[in-house]
Each structure stands twice: as C-alpha cells, then as structure tokens.
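Some notes on the structure that comes next.
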Amino acid sequence: MLNSAFINACISLLGEENVLTKEAELITYSYDATPGIPREIPGAVLFPQTTEQVQGIVKLCRQHKVPIYPRGAGTCLSGGPVPLSKGVVISFQRMNKILEIDTDNLTATVQPGVVVATLNAEVAKYGLLYPPDPGSMAVATIGGTVAENSGGLRGLKYGVTKHYVMGMELVLPTGEVFRFGGKTVKNVTAYDFTGLFVGSEGTLGIVTEVILKLIPAPKYRKSMIAFFDTLEDAGQTVTDIIRAHVIPATLEIMDNVTIRTVENFAKVGLPTDAAALLLIEVDGNGKDGVEEEAQKVLEVIQKNKGRPKIAETDQERDSLWAARRAALPALAQVKPATVLEDATVPRTKIVDMLKAVQEIAKKYNLTIGTFGHAGDGNLHPTFMVDPMDKDEMTRLDKAIDEIFDVALKLGGTLSGEHGIGIAKKKYLKNELGSSGIEVMKRLKKALDPENTLNPGKLVPMED
Amino acid sequence: MGNNSFENDELLKRELMRCMKCGNCMAVCPVYGAEVKESAVARAKIALGEAYLEGKIKDKDLMNLIYNCLVCKSCMLACPSGVKYDKIILGLRHKLTKDMGKPWVKKLAFWNLTHPSLFDKGLKAFSKTQGIFLEKRGPRLRAPRAFLRTFGKRFDKDFVLPELASKAFRDSVNEVVDVPKPQATALFFTGCSINYLYPEIGEDILLVLKKNDIKTLIPKGQNCCGMPVMVHGDIEKAKELAKNNLDLFERLNPDYIVTGCASCGSALKHEYPLIFEGDIEYENKAKKWAEKVHDITSFLLKAIEFKKPKAELKLKVTYHDPCHLKKSMKVWTEPREILKSIPGLQLIEMKMPDACCGSGGSYHLAYPDTSLKILRSKMEDVKSTQAEVVATECPACMMQLGEGTQRYKVNAKVKHVISLLAEAYRRES
C-alpha cells in the first residue's frame, strides 16, 4: 500500500482529478492486451500534463521507493505497461498535445499521449504522413509506440518507429530532464540516443516530448490479391518481388486456416482451397512508377502460378483489404481466446517458418492460423484456445516455446514488433547469450541504479 | 443455474473471456472521450466484471463505474473479436443490482414503468400539475423550478425538457386507422416518449403511414418496451414488459411493427431475443417478431412502396444518428434518403454525425458532467454545419439535443425526420 503522505504529495502536485486511488479504478490499470502474464493492481494512477509534473512524480517515487509503471493506451502485446507491484502507473493519456507541425522541416513535435491516428489525421491536412502504423494505431499513443519501437503493415517499405524519431525529451530515473536530437536530418553528436531509448520499454527513461520525422504522403497506390496452391509458390513470390527490386508498401500473407476462417466468417469470396494468399500494395508519388511496379509484381505472381486479382477502384481495394482486416476477428470467433505471437524470420525463410508452425500445431493438437507481414518476415501465428481447458493451455506453452526455438534457428528474432516486456523475457538469453544479458543489466544499472522504472520488464535482472 | 448469461455466472464469464483487451473500444467510446480514463471503456468494464465474478471486488465504486456507460454500442462496431458487450453490461448490471440493490429513486421510477395503468394515470395527473414543479420555458418546453435544483447537478438554470402532453397520443387516436386500399398492415409501436412527451411526432408518423396506404394499428394495450429497466439490469421486469408486448403482437398479428423511437426499435429487434435466451417459447416469439420490426424510415424504403413527397421544404438540415438506430438496428442510410427525398431540403453532414449525444436515457441525470461534455462537442459539430434543423429519429436524443441548443446557443431546431416528411406531405394538399 502507498502511504497517505505520498498520495497527498501526488494530489498537491497534480490536482485531485489527476490522481486515482479507488480500488475499482485501479483494477482497470492492471492489464494490457497480453494474455496470461503475471499482473498486479497498482497503488495509484497518476495523470501528469507537463514535464515538470513528471519530474516531480519521479522525485517523489525515488524518495518513497515506489516503482513506476509508465503507460500509454495499454495496447501492448508483451506486458510493457502492466504493474507487477503496488507501485504507481503514470498514464500519459492526458498529456496529449501536438506541439508543432513543421511543414518545412517535415517534423512534428508532440507530447507522449498523442494518439498515432490523431497525429496522422492532423499531418494529412498538409499532405504528410507519419508511417508507423501498428494494428492498434486508432488508440495507441506515440509514447507507447516509441517505448516499444512499434512496427506495422508499412514496415517493409517505410521502416518502424525508430526510423522516425529525430529527438526527444526524457525524465531520467534519477529525476533529471534530458533532451537530445532535434530537427536536423543529420546529427552524430555523442551516442545514438534514439537507438538507446526507442524500444527501451520504459525501463531507462520516461518520454515527455518527441520530435518525429514526417514524409510526403504517397499520392498513388495499387492493390492486388493473389491466391496460391502451395506455400512454396507464395514464398517464392515474396522473394521474387524483392528480387525484381520492387518494395511494396504492404506485402501480407495468410495461410489456409486463416483463409478458411475468414471466408466462413466474412464471406468475402476467398477460395477456401488456396494454400496461401498474398495481399500486395505498391505506392508512390508518380503514377507511371506505381503502374510499372504493379506490372512487375503481376508478372512475378503469374510466373509463380499465382491467381491475381487487381483492385481497379477504391471500392475494390476496400473489399480486398476487408479480407485482411477480418483475419483476427474471424480467428477470434473460433475459440473463446486467441494468443497472438510475432516471431520474425528473414523473409527468405517465411515458408520454412510457416511449415514449422503448421507442424507444431499438429504436434500439440492446437488450432493455429497464421497471417502477417510476409515482406518483412514478421508473422503472426495466432493460437485459438480455450483458457478453461487446462490441458490445452499447457500444450500452448510448449508450442510457443518451440515456435521461438525455430525462429531463432532460422536466423530470426523473438519479436518483430510486440516487444519483450514480461511475456518473452525468459527467452531473451537464447537470442542474446550471457554477454548480451550482461550488457542489458549494466545499461539498466547505469541509468536506473535503484531499479525504479518499470522493474521486472525487459531486463532479466535475476539471471 | 439457468441456461443464459443472466442467470448463469459461468456463461457470463465465457462472454467476458472473448475480450482480448486490445483496447480498440477506446477510439470510439464517448465516455472515454470526455473523461480520458480507462474505467470508461468496454474492456475496463469487462476487466471489472471478471474481478467481480471472481469475488475480488464488490463496492459502490464498482457499481458507479459499471453504470458509467451510455450503452451506445459504439464499441461493438469497433470490436475485432465480436465481444457481445450489450449482453455483458446488462448481465453485470443485473447481477450487481441483485447483489447490492438500486437507489430508491430508480426503484420508484421503474416500479411505475412496470405497472402500466398506474404509470399512465400518474403521468396524466402530472400533466395537469406539472406547473408546480416545472416552469414554462417556451412552446412545449419546461424547466425545473429553482427549489428542484438541489435534486441533481443537471437541474441548473439551463436545463430544459419537453412538456408533458395534456393528452397522450394513444388516447387521441383510434386503435385501428384504416385506408381504402392498404399496401400492408403495420402496428405502430409508439413507445412512452412519443405517447406522453411528443404526441405530435405520433400524429406525423400516422399521417405518413396513411399517405403511404398503410392500415395502422395503435393498440392501447402496448406498454413500455422495457429498455429503461433493462439497461438498469432489471431483466425480470424487462421480460414482463416484453412478454405483454409480444403476446399483443401475436394476438393482432400485423404484417409489420413500426417504431419512431430508436430505443424501442432496438429493444424489439435486438434485446428481446437476447433477454429471452434459453426460454424457448418467448425466444422464438421474440425472434419471429424481431424480423418484422422496422424503424419508420427503413419501413418506408425497404418494406413497402414509398410515395415521394412533391411539395418543397426549403431547409438546411443536418442529421444526427441515434446510437440505437445506427449501432443497434444498423440503420443509417434510410433516414438520410428520406430527408433527401424532400424537394428543396439540403442535407449537410456533420463531421461526426454518429457521435453519441450523451443522453443515454437516465445517464444524462446520473452522470451530468460527462453527459454535458459529450453534448457540447455534439452541439459544436451541429453549429459548424449552419443547419437550420437538426433531424434525428429518437426522442431521447431530441430531448438532449433540444437542451443542447439552449445551453450552447445553437440556432437550430430539433425535429424528428418524419416530422419533416409529414410537413412536406401537408404542403402538397
């Protein structure tokens, strides 16, 4: 329990309306979107609106030895914002101003609570785009996506969050404010702090302001879908598209289980006997260039025995995308719960990975539908399970362990975009080795000597 | 243990389990938009429901948070896993009120609703004496007198509500209104608001039905649809009311049931089958009649041959989507088509026509601050269209929007869509 002196100090710092202490309110900050991880109901929830207030909270927490759990919208898929003790949750949802959109330097300066979709709606007014587009972008905050280094459908061509952070302001675990970077395209002053803090999952500093890079929004696009009789043909198509030097904005794959489930659920006219489908969109600022790329993709599809369908109108494009959007909702209908993973492999290995997932599903008698970002090797094997079936849950744990094993053997990684958090911490050593774990621990201790910030996440201190 | 989620906790738990806690509901929840805290959104209510069913919490704060929801169903449209949030929130409220009781004011109001003849007599007596409590604020508008202000935060100097009609709609018309060559027979389910507060809308709907050659039944035996008691978790009383209505439909056996109130329509079409889950006789009846229920605009355009109005109505109109019409009955193009069928009428869309107005039945009295915040952004949107009329299809929205025009000085009249169509028909002759 937090003592009343601490709570009162928080209230005088933030005002009563920005401090939650009722049990019922606190319960609603004890989870994110990650199933089956340990969690605790926090002792208080705080809503700062300025950097000074964040600084004040950090100082208070240090003084009272209270752990801090920073939180955006709580859509994380690895447990990043989930409290593990009766510490405080700092919610950034009320610190949500877009401070500036600089249409000449092509930057946006924002507070951490700005929602990704809101930022995109604002910059779209100037013909600009902030490309990272995680599935949760309608609610996810910039602060959260910076902390998790989130990706999205456009990752293959446009990169992920870290490619768009030009500078930031943080409150360090020791209470100091630290600013780095700015609006310059080039900046090699000191260490690459963007690389250090983006993706640090709230363990090294609390983001209070971010300068983001914007790009001109592509004016033209062309979408198509292609069906394949074998996984190999689909996989070869992915490789050949890149080999033809076309980088599509999106290159998504769905396996047969997903296709059948989607068709059964949404009746969008997918052939249920297809082994896989690819959904491809090329975009750009020149009409001819986009047409030319679409033509190349089409040739590759045909060469690999795929059956393509091109969207000629916006309406047709929407109906193609309806299939992709229906993937998760449809799979979610099959069983009471879904568990979504994001093991990632080099794109030349996606066929091996898809086949391995299918074998693991068979071995453990589980239903798995796989879809995801084929172009960047970031697959989402989705387990459909019943949490009340204890035996099935045990088999699920084993299957997940094996999926990570295979991904690493294929030269891949534990997480393409969801982060490590609580959920994947135990696998970390398999990828980084003892020396890697040691580097992480040293970094954490150097910046957060008292382990105040998001303790228990990302860094396996106990190893 | 019954075989539905209202009586069986295990079944309710299974419904809760479907939520992945992805948080997509946050993007569309009007209460979250106003309060900016997690407890507002659907996944939080579900997490609270889980904690409650596990026996981890049961207190006044929990009750307060579970009731802090407009049941607008916006989250259900945004939900990627098809969580049946309406069923869940009714189930949780049902269990909570059984566990903890409900405030006496609500008890009294709902006791009244479920005793239709007393309710009817009471309201009629009140219509003659309302001046004691409510002062005149314009034609057919009233406001609580100063001494009532202590009763609720919402009852300030800017609060207005429609006057209780001196004669209820169903008392002023025949139970059967025939036409020479009927296309079909429709039972006009008036609902309480049209009957007692807006009888002129009842007149307009009747005129439109007659003009389109519909034989109309307006049985006096119809009672409250049950929505008000249902959303407060009183499923037993809601079932009583629903049974009366369903039995009446069985007896009169019309081709269609037509409503002019989005909430009544939603109850008949969507909630009746839901609350009778497991009761084979009434579940079947509810499903059968649900098929025949239409809101008045989709009835005109989809069920019968619609007579387009010929006279002009030179008006700039914006349309507000009632949540229960768009998100529950899935009707949003038809009211717009009806408006556009009126010559001279110009439809100007708001930026967010389907954003909730913040009424939520009695929500606007129980949670006045949040409700007014939601209403304020709605009214700003209305204002930006510069429309002369904001049209909608739900009496509860009309009350809320009507108050909004006064409170936030918006120069637009609030009208039912059908009242505009009726006006155009009247101008023909």
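Quick note: the coordinates plus some simple rules give every number you see, no bench work behind them. What you are looking at is a predicted structure, and each value in this text was computed from that prediction instead of being measured. In this analysis, Cβ positions are derived from the backbone assuming ideal geometry, glycine residues included, and neighbour counts consider all displayed protein chains.
Between amide H atoms placed 1.01 Å from N, distances below 5 Å from B:Gly226 occur with no residue 5 or more places distant or on a separate chain. From the residues B:Cys192, B:Pro180, B:Ala143, which one has its Cα farthest along the dipole of the stretch B:111-226 in the positive direction, the dipole being from +1 and -1 charges on Cβ of Lys/Arg and Asp/Glu about the Cα centre? Working it through, the farthest residue towards the positive pole turns out to be B:Ala143. For chain A, the longest principal axis of the C-alpha atoms and the axis of helix A:350-363 are separated by about 80°. When the helices of chain A are scored as -39500 (n - 2.57) per DSSP H run of n ≥ 4 and the total is divided over every residue, the value at 222 nm lands at -11000 deg cm²/dmol.
A DSSP coil position with no more than 16 other Cβ atoms inside 10 Å describes the following GluC sites (Glu not before Pro) in the stretch A:305-395: A:Glu312.
Count Lys and Arg as plus one, Asp and Glu as minus one, and take only other residues whose Cβ is under 15 Å from that of A:His64; the net charge is then +3.
Rounded to the nearest 10 degrees, the angle from helix A:390-409 to the longest Cα principal axis of chain A is 80 degrees. Protection proxy ranking, highest mean first, for peptides A:26-38, B:24-36: B:24-36, A:26-38, where packing is the per-residue count of other beta-carbon atoms within 10 Å, averaged. Dipole check for the stretch A:4-91: with +1 at the C-beta of Lys and Arg, -1 at the C-beta of Asp and Glu, and the Cα centre as origin, the magnitude is about 300 Debye. Under a 5 Å amide H cut-off, with hydrogens placed 1.01 Å from N, B:Leu141 pairs with B:Glu163 among residues at least 5 apart or on other chains. Over chain B, dividing the summed -39,500 (n - 2.57) contributions of all DSSP H runs of at least 4 residues by the number of residues returns a 222 nm mean residue ellipticity of -13500 deg cm²/dmol.
To the nearest ten degrees, helix A:4-14 and the longest principal axis of the Cα atoms of chain A are 70 degrees apart.
Proximity of backbone amide H atoms, modeled 1.01 Å from N, is registered between A:Leu129 and A:Ile215, A:Ala217 at under 5 Å, excluding neighbours fewer than 5 places apart on the same chain. Need one word for chain B: rounded, prolate or oblate. Basis is the Cα gyration tensor (sqrt eigenvalues a ≥ b ≥ c); a/c below 1.5 gives rounded, then a/b vs b/c decides. Note, shape of chain B comes out rounded.
Restricting the GluC sites (Glu not before Pro) of the stretch A:143-222 to loop positions (DSSP other than H, G, I, E, B) with no more than 13 neighbouring Cβ atoms within 10 Å leaves A:Glu176. Positive-end ranking of A:Ala266, A:Met168, A:Ala121 along the dipole of the protein assembly as shown, with charges on Cβ about the Cα centre, is headed by A:Ala121. Placing R0 at 56 angstrom, the Cβ-Cβ distance between B:Lys60 and A:Arg243 gives a FRET efficiency of 0.30 after rounding to 0.05. 3J(HN,Hα) couplings calculated from phi for the stretch A:82-97 with the Karplus curve 6.51 cos²θ - 1.76 cosθ + 1.60 (θ = phi - 60°) are, in sequence order, 6, x, 10, 7, 7, x, 10, 9, 9, 8, 9, 5, 9, 9, 9, 9 Hz; Gly and Pro show x. The charge dipole of the stretch A:335-423, taken about the Cα centre with unit charges on the Cβ atoms of Lys, Arg (+1) and Asp, Glu (-1), comes to about 260 debye, rounded to the nearest 20. Per-residue mean of foreign Cβ neighbours for B:33-42 is 5 (Cβ atoms of other chains, 10 Å radius).
FRET efficiency for the B:Glu380 to B:Arg426 pair, using the beta carbon distance and R₀ = 30 Å, is estimated at 0.35. Given a Förster distance of 45 Å, report the FRET efficiency between B:Thr129 and B:Asn3 from their Cβ-Cβ distance, rounded to the nearest 0.05. Computed FRET efficiency for B:Thr129 and B:Asn3: 0.45. 3J(HN,Hα) along the stretch A:295-312: 4, 4, 4, 4, 4, 4, 4, 5, 4, 9, 6, x, 10, x, 9, 9, 7, 8 Hz, from the Karplus curve 6.51 cos²θ - 1.76 cosθ + 1.60 with θ = phi - 60°, whole Hz, x for Gly and Pro. When B:Thr370, A:Thr261 are sorted by how many other C-beta atoms sit within 10 angstrom of their C-beta, beginning with the fewest, the order is B:Thr370, A:Thr261. Under a plain spin-label model, where a point goes 7 Å from the Cα along Cα-to-Cβ, how far apart in nm are A:Lys398 and A:Asp288? Going from the A:Lys398 label point to the A:Asp288 one covers 6.1 nm.
Under the convention that each Lys and Arg Cβ holds +1 and each Asp and Glu Cβ holds -1, the size of the dipole of the stretch A:98-216 around its Cα centre is about 340 debye.
Note on B:Lys330, A:Lys444: ascending count of other Cβ atoms within 10 Å places them as B:Lys330, A:Lys444, the fewest first. The residues A:Ile280, B:Ile194, when put in order of fewest to most other Cβ atoms within 10 Å, stand as B:Ile194, A:Ile280. Each of A:Val19, B:Cys22, B:Pro343 was scored by the projection of its Cα onto the charge dipole of the protein assembly as shown, and the greatest displacement toward the positive side belongs to B:Pro343; charges sit on the C-beta of Lys, Arg, Asp and Glu.
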